[in-house]
Structures are given as C-alpha cells and as structure tokens.
Amino acid sequence: MDIRYAKALRTKNILDQLDVAFVEGAISSQNQAEKLKKIRGLSTKLVAIGSCAVSGFPSAQRNLFDQATLSEIKPILERFSYTPKVLKVDEVVKVDVYVAGCPMDEKKFLEVLDTLLVEFNVIVG
Amino acid sequence: MSELLAHRSKSNMHNSSFDLTLDQITKIEGAAGLDVSVRGGKVVDLRLKLSEYKRFYTQGVRGKSVPAVPQLLARICGTCSNAHILCSIEACEKALGIVPSAQTMIMRRLAINGLMIRDHGLHLYVFALPDLLGKDSILELDENNPKEKQFLEDTFCVKKAGNMLSVAFGGRSVHAPYLTIGGFLKFPSADDLTGCKNFLIKARPAAQRLVKLFSDSQFKFYDQTNFVGLIGENRYDFLEGKIKTSKDGVIEEANFRQHLEHQVIPYSQASGYKFKRETYMVGALARVNLAKEKLNENTIKNVGYVLSRFPSTNVFDNNLAQAIEILHCIDDSLLLLGSNQFNPEKPASTQKKDGVGVGVIEAPRGTLYHMLEIKDNKVARAEIIVPTGQNQISIEKNLVRLVEENIDLDKEQLSHEIEKFVRAYDPCISCATHFLKINFH
C-alpha cells in the first residue's frame, strides 16, 4: 500500500494519481471546493469519511442559523471568503463510498478498506 | 539548535532577505499555515494563520437543551473530544448546582487519564518521534530495525492502553457516550477492568522508554514565559484545583476569564489570548513545571532522573513533559483500579433550571474553559477558550526569534525547524477555530 498524501503523517507529500481518496470534513469555502474537485479528478474512487463529509453536520450548523445569528457571524464569513452554505462532500463532487458517523463507524471503515484493497489488487480477496 | 546557532555566526545573516510561505504545517492536529518576510536579516512580518474554517459552536449551542450540550460541544474536536465533554459537564453542573459523587469523580479521573495517554501518545509517537529519528514520517520506520520496531510496537501498545481506559470509563475513546451531567450512564464490567489493568502494565515500560527518548533530545528553544495551569491541591490533577501561574500565584477557576485578554488576529481564524497582558504557555510543560512534586510516587521513582530539569523554559521539554504525564496517568490509573470498585449509581440531578457555570479542566494541550449561561434548561450564552488559542501568540512571537536565529538555513531546513518548533506546542487547530469572537471595528 502506498500512502501518497497525508499531511497529518508527513511533510513530503505528492498529490498525483490516486486509486482511492479518503475525504473528511464539510466544505466551507470556495478554496476547499476547488481542492476537493482537484482530488476527485485525480482519484478513481472517493470515500467520504465521517458525519461532516457525509451529511455536512455538525459543521453545517450555520446553515440553520436565524438572521440575527447570521448577521453576527457575517464579518468572519466575508473576511475569509466562506461559502454562503456549508456543503457536504457529495454536493461538490461524486462520492463512491460513504462511511458515516461521528466518530466514523470503525467496522464499516474496515469493511470498505478491505473491499478497496481487493479491488485495487493490494491484497487477494 | 545549538549547532545551528554556531553556524549562524560565520555567515552573512545581516544581508538575508526572503519570503517564506508554509501552506500547511504538517504533523499537527488540523490546518495552520505561516507567512514570513525577512528583510536585511530581520523578520519584518510573520503570520501564523490558523486556517481551519469556523463552525460557530458558541452560536450553534444556543437554545440547545442542557443534556445535549456536552455531546455537541465535544464535536469541536475529535482527538480531545472527551476533554470538551468533561469541561462542559462541569460548566453545566456548576450552573445548576449539581454535585457529582466521589465515585463519579474517580471515574472521570480514569476517563481523562485514558485521554491523556492516548492523545499524548499520538502526538509523541506519530508527530514528534520522526523529528528525533531524522525521518519524515512514522510510515518510514523500519520493522527490521530492532529499535524502530520497538517504537512501532510501543505506539500501538500505549495508544491501546489509553483507548481501553476511555472505553471502560466512557464507552469510546472519542465522543465518549457514557459521560453525562451528574455522573455516568454505564459502568465498566469486570472484564473491562482486567483488560485495562493488563494493558496499562504492558504500556508502562513503553512509557519509560518514551521518557528516556525525549529526555535525550537535543532540541532547545528557551522562553522565559509565564506557565499557567489548573493545579490540584493534593495531587497531580486534570479536573479539580486552582489556576496556578509561575509568575503571579493562584486564581480561582471561576475567575480565570477575568485575567485573560482577548486578541483579534486579523489573518487567523482563531482568537488569541494574553494573561494579564503578557503571552503565556499552557500544556504539559506548564503542568509539570508547576506541580512535578505531585506526580504519582511510582512515576517519580522511575523518572526522577529527569524531573530535576523542571521547571524548564525549553519549549521542546513540552514533549518530555507529555511523556512523563503518560507514565503518571498509567500509574495513577493502576492505583485507582487497584483500590476502587465501580458500582452503578444514578447521575446526580437537580430541579434548578437557570444559572451560570464555569468549567475549567486541563485538556491534553492545556487549560480549557467553558462558560455556559443556562436559562430554563437551555443554553442562552456560551464562551469557550481552548489551549491552542492561549498558546497562539507565544508561538508566533517565538517564531520571529527562531527564524532570525536560523536565518542562514536554506528554506527547506528553515521550514523544518519552524514546523518542529510549532509541533512542540502540540497545537490543535480544530479546537482553536471552533468559535467566533470578533471586534474588527
């Protein structure tokens, strides 16, 4: 198995052709949406990991704020170019596999991983 | 860094001019970047940008009914979720006058010990260890090299011991479902307790190796700062005590906020804080500096040889302090598991529906503050201050000096020194950008 890009694990990473991309988190800005589209373009399969990626929540809680609360947070949204709504991953790109939950469902993740390892000939099924 | 300092003196540091951008500092919790501008050997601009996007928890929690609050606020962060749960539980209990039982407090102590072991373990083995071994990643450790194989095994052993404690005394290592206002929803089985003891005993030698490894580290950066932490009266404690500082003495938990000064950092998505108008440092180094004599006696017996180094102003000793705390949490948990039974009891409750409560605990990365104002059993107002927000201004200030002292390194080496230094604080950017507090005008 070749881990290509994981900034939590190492400094030197290469973002190039990927068999599988695992994506955590919801999309709060145009930059994040562009990065996600780039990753999708490079990946054969894309897996959305965890509640924020799959459903948007709880990161998307500002989507439900009333007008008064929205005007309170408006300066921050403008200053850092937030998108008007927080988006879940499949509102931006096609998702092949979903692993929901906060924290994600570990058993489901291991099942998904096993299936993908077989599919991409890393292990024999 | 001593060899780097020697190198500097031979060179033409006064002429250096460059710009350096790190899009994303690696091997930390969450996303932070850095922009540095150097002109004539001096840093003219340095911006540490915490670049996670805000999720507005202090707004989102308004109107939520009290029992749901700790689990929602836990979502501020994955890795230290259980610290947020425990802190907001304390805030809710203080607001509504709920007094948890002695057994509950012991069980919570075991829950936070589990968190400390697992979270410090993650930082030390996965993020900090590669720097000590001269590697880019734990993924590069060689299973055929006996020393490196040992560290790989230790990584899983220590994390497993912490996870097992959190599962037994919380139901899960993150977002623990059994921790609740007033007590616990479920109690550990006999098998859970035996499993915990066995794994803690197994992890103990690994923790000792970790202390040795970080005590041998030659990384140095001295900061004569004010160290601040919640310190227990009679023992090394993460949940109860008073705020102690290395410069100013003692403060009651409920008064902590009055001493903090909020700082808007226009290019960062997180708020910074000063303590009595000065930068300060929270975290394992602050705790060991302020309370090393209160560590578990077995810990002191085994790693007493490094304790004479504390109080230390070397920021890199934060790693060593975390390793010492892992051992302490193992020893404290073994003590508690050996001398207590855990009998099911109902969570303490109250008829009170209104009040203001402050929770202050020591999270793995330092002092965590939750203030909740509750009206008719719902949150009316919340304020949350996290460790990384408090360390942020210190990190930035110290990076100016670090860059100027290493100005002749090539950009790759300089970037590495910067990242290594930021990592020593074990920042958690997810936590730092959870909320909103702005005064732009």
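The values are calculated or read from the model by the stated rules, or taken from the named source; none is laboratory data. Only a predicted model underlies this, so the values are computations on that prediction, with no experimental measurement involved. Quick reminder, even Gly has a Cβ in these numbers, built from the backbone with ideal geometry, and neighbours come from all protein chains shown. Accessible surface areas use protein heavy atoms only, side chains included; no ligands, DNA or RNA. Shrake-Rupley method; radii C 1.70, N 1.55, O 1.52, S 1.80 Å.
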Is there a residue in the stretch A:58-74 that is open to solvent by 80 Å² or more (accessible area, probe 1.4 Å), assigned to a loop (DSSP other than H, G, I, E, B) and within 11 Å of chain B (Cβ to nearest Cβ)?
-> yes
Given the conditions (1) farther than 13 Å from B:Phe184 by Cβ; (2) out of contact with any strand residue (DSSP E or B) (no Cβ under 9 Å at 6 or more places or on another chain), which single one is not true for B:Arg109?
-> (1)
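Being more than 25 Å from A:Leu15 (Cα to Cα) and buried (at least 20 other Cβ atoms within 10 Å of the Cβ) is the requirement here; does B:Ala32 meet it? I'd like the intermediate steps shown before the answer.
On the way: more than 25 Å from A:Leu15 (Cα to Cα): no; buried (at least 20 other Cβ atoms within 10 Å of the Cβ): yes.
No; evaluated as a whole, the condition is false for this residue.
Just give me the residues in the stretch B:39-53 being open to solvent by 10 Å² or more (accessible area, probe 1.4 Å), within 14 Å of chain A (Cβ to nearest Cβ) and not small (Gly, Ala, Ser), in sequence order. Outline the logic, then answer.
As a first pass, look at the stretch B:39-53 and keep what is open to solvent by 10 Å² or more (accessible area, probe 1.4 Å): B:39-40, B:42-47, B:49, B:51-53.
Applying the additional criterion that residues be within 14 Å of chain A (Cβ to nearest Cβ) yields B:47, B:49, B:51-53.
Answer for the stretch B:39-53, where residues must be open to solvent by 10 Å² or more (accessible area, probe 1.4 Å), within 14 Å of chain A (Cβ to nearest Cβ) and not small (Gly, Ala, Ser): B:Arg47, B:Lys49, B:Glu52, B:Tyr53.
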Working only within the stretch B:46-88, note down all residues that are out of contact with any Asp or Glu (no Cβ under 9 Å at 6 or more places or on another chain), among the small types (Gly, Ala, Ser) and closer than 22 Å to B:Ile98 by Cβ.
-> B:Gly63, B:Ser65, B:Ala68, B:Ala74, B:Ser81, B:Ser88
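Hey, does the stretch B:221-239 have a residue that's among the charged types (D, E, K, R) and not in a loop (DSSP other than H, G, I, E, B)? Give the steps one after another, and end with the answer.
Narrowing the stretch B:221-239 to residues among the charged types (D, E, K, R): B:223, B:233, B:235, B:237.
Next, from what is left, pick out any that are not in a loop (DSSP other than H, G, I, E, B): none.
No, that holds for no residue.
Would you point out the residue of the stretch B:298-328, among those that are under 20 Å from B:Lys159 (Cα atoms) and of a type in the set (Val, Ile, Thr), that is surrounded by the fewest Cβ atoms within 10 Å (Cβ to Cβ)? Working first, answer last.
Of the stretch B:298-328, the ones under 20 Å from B:Lys159 (Cα atoms) are B:299, B:318-328.
Then keep just the ones that are of a type in the set (Val, Ile, Thr); that gives B:299, B:324, B:326.
Working: B:Thr299: 25, B:Ile324: 30, B:Ile326: 29.
For the stretch B:298-328, the residue satisfying everything is B:Thr299.
If we keep just the residues of the stretch A:21-33 that are within 12 Å of the chain's Cα centre (by Cα) and open to solvent by 50 Å² or more (accessible area, probe 1.4 Å), which is farthest from B:Ile25 (Cα to Cα)?
Narrowing the stretch A:21-33 to residues within 12 Å of the chain's Cα centre (by Cα): A:21-28, A:32-33.
Adding the requirement that they be open to solvent by 50 Å² or more (accessible area, probe 1.4 Å) leaves A:22, A:24, A:32.
Working: A:Phe22: 20, A:Glu24: 18, A:Gln32: 17 Å.
Among those residues, the one meeting the criterion is A:Phe22.
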Would you mind finding the one in B:Ile85, B:Ile89 that is within 14 Å of another protein chain (Cβ to nearest Cβ), among the β-branched types (Val, Ile, Thr), part of a helix (DSSP H, G or I) and more than 24 Å from B:Gly338 (Cα to Cα)?
-> B:Ile85
Does the stretch A:44-51 contain any residue that is in contact with a Lys or Arg (Cβ under 9 Å, 6 or more places away or on another chain), more than 10 Å from chain B (Cβ to nearest Cβ) and open to solvent by 20 Å² or more (accessible area, probe 1.4 Å)?
-> no
Could you list, in sequence order, all residues of the stretch B:365-397 that are in a loop (DSSP other than H, G, I, E, B) and either more than 30 Å from B:Gln224 (Cα to Cα) or out of contact with any Phe, Trp or Tyr (no Cβ under 9 Å at 6 or more places or on another chain) (or both)?
-> B:Asp376, B:Asn377
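Are any residues in the stretch B:247-275 in a loop (DSSP other than H, G, I, E, B) and surrounded by fewer than 15 Cβ atoms within 10 Å (Cβ to Cβ), and if so, which ones?
From the stretch B:247-275, those in a loop (DSSP other than H, G, I, E, B) are B:247-248, B:252, B:264-271; that's our starting set.
Within the stretch B:247-275, B:Lys247, B:Glu252, B:Val264, B:Pro266, B:Tyr267 qualify.
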Subset of the stretch B:60-81, residues without any contact (Cβ under 8 Å) to a residue 60 or more places away in the chain and open to solvent by less than 20 Å² (accessible area, probe 1.4 Å), comes to B:Gly60
Looking across the stretch A:5-20 at residues that are part of a loop (DSSP other than H, G, I, E, B) and surrounded by 14 or more Cβ atoms within 10 Å (Cβ to Cβ), the single one that is farthest from the other protein chains (Cβ to nearest Cβ) is A:Tyr5
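Among the residues of the stretch A:75-82, are any open to solvent by less than 60 Å² (accessible area, probe 1.4 Å) and assigned to a strand (DSSP E or B)?
Kept after step one, since they are open to solvent by less than 60 Å² (accessible area, probe 1.4 Å), are these residues of the stretch A:75-82: A:75-77, A:80, A:82.
From the residues that got through so far, the ones that are assigned to a strand (DSSP E or B) too are A:82.
For the stretch A:75-82, residues open to solvent by less than 60 Å² (accessible area, probe 1.4 Å) and assigned to a strand (DSSP E or B): present.
Being among the charged types (D, E, K, R) and over 30 Å from B:Asp45 (Cα atoms) is true for just one of B:Glu261, B:Glu278, B:Glu240. Which residue is that?
On the way: B:Glu261 fails: over 30 Å from B:Asp45 (Cα atoms); B:Glu278 fails: over 30 Å from B:Asp45 (Cα atoms).
Answer to the check: B:Glu240.
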Do we have any residue at all in the stretch B:8-22 that's within 14 Å of another protein chain (Cβ to nearest Cβ) and either more than 30 Å from B:His175 (Cα to Cα) or modelled with pLDDT under 85 (or both)?
-> yes
Selected residue (only one of B:Lys135, B:Lys147 is in a helix (DSSP H, G or I), on the phi < 0 side of the Ramachandran plot and at pLDDT below 95) | B:Lys147
Just one of (1) part of a strand (DSSP E or B); (2) touching a Gly at 6+ places or on another chain (Cβ under 7 Å) trips up B:Leu290, so point out which.
-> (1)
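Quick grid of which residues meet (1) assigned to a helix (DSSP H, G or I); (2) open to solvent by less than 20 Å² (accessible area, probe 1.4 Å); (3) closer than 26 Å to B:Ile28 by Cβ; (4) touching a His at 6+ places or on another chain (Cβ under 7 Å):
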{"position": "B:Gln103", "(1), (2), (3), (4)": "yes, no, no, no"}
{"position": "B:Arg109", "(1), (2), (3), (4)": "yes, no, no, no"}
{"position": "B:Met116", "(1), (2), (3), (4)": "yes, yes, yes, no"}
{"position": "B:Leu165", "(1), (2), (3), (4)": "yes, yes, yes, no"}
{"position": "B:Arg172", "(1), (2), (3), (4)": "no, no, yes, no"}
Condition broken by B:Ala424, with the remaining ones in (1) touching a strand residue (DSSP E or B) at 6+ places or on another chain (Cβ under 7 Å); (2) within 29 Å of A:Glu24 (Cβ to Cβ); (3) away from chain A (no Cβ under 12 Å) satisfied = (1)
In the stretch A:59-83, how many residues are over 11 Å from A:Ala26 (Cβ atoms) and either touching an Asp or Glu at 6+ places or on another chain (Cβ under 8 Å) or not hydrophobic (A, V, I, L, M, F, W, C) (or both)?
-> 11
If we ask which residues in the stretch A:73-105 are at pLDDT below 95 and in contact with a Lys or Arg (Cβ under 9 Å, 6 or more places away or on another chain), their number turns out to be 5
Pull up the stretch A:92-117, narrow it to residues that are within 14 Å of chain B (Cβ to nearest Cβ) and of a type in the set (D, E, K, R), then point me to the one that is least open to solvent (accessible area, probe 1.4 Å).
-> A:Asp105
